[in-house]
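I have placed the structure first, in the form of structure tokens, so that the comments after it can refer back to it.
The values are calculated or read from the model by the stated rules, or taken from the named source; none is laboratory data. Keep in mind that this is a model prediction, so the values were computed, not measured. Because the Cβ atoms are built from the backbone with ideal geometry, glycine has one as well, and the counts that use them run over all protein chains shown. Please note that ligands, DNA and RNA were not included when accessible areas were found on the heavy atoms of the full protein model with its side chains. Shrake-Rupley method; radii C 1.70, N 1.55, O 1.52, S 1.80 Å.
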Amino acid sequence: MSTLGKSPQFGIYQRMDAITGTSDSSYTLNINSIPQPNFIAEQLVVSVNGVIQAPNSAYTVNGSTITFSEAIDSTDAIDFITAMGHAHSTSTVSDNVIT
């Protein structure tokens, strides 16, 4: 696959731990069994039963919890959840601090 312009030099793509449906709609997002609180819905690619889900309509993310608009049954397959990029906290610099 070719790209227009310079090729990307790096990226952070992380696959979340597998989630098994339990007829609930909320699940914890984990990587290596550690809850991941810094992602937003638009950063995630979520596949359920082979269908990519639309962020903020099929699912939302709040902290380390992903909530699907419909409950995920044990017969459903959450194929994968991949996080693209990495969220960072930002700082605000006070006025007249940088010279």
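Take residue 28 and tell me if it is surrounded by 14 or more Cβ atoms within 10 Å (Cβ to Cβ) and touching a helix residue (DSSP H, G or I) at 6+ places or on another chain (Cβ under 9 Å).
Against the criterion (surrounded by 14 or more Cβ atoms within 10 Å (Cβ to Cβ) and touching a helix residue (DSSP H, G or I) at 6+ places or on another chain (Cβ under 9 Å)), residue 28 does not qualify.
Restricting attention to the stretch 13-25, report how many residues are open to solvent by less than 80 Å² (accessible area, probe 1.4 Å), at negative phi and polar (S, T, N, Q).
Summing the residues that are open to solvent by less than 80 Å² (accessible area, probe 1.4 Å), at negative phi and polar (S, T, N, Q) in the stretch 13-25 gives 2.
For residue 44, are the conditions met, namely being under 19 Å from residue 11 (Cα atoms) and open to solvent by less than 40 Å² (accessible area, probe 1.4 Å)?
Yes.
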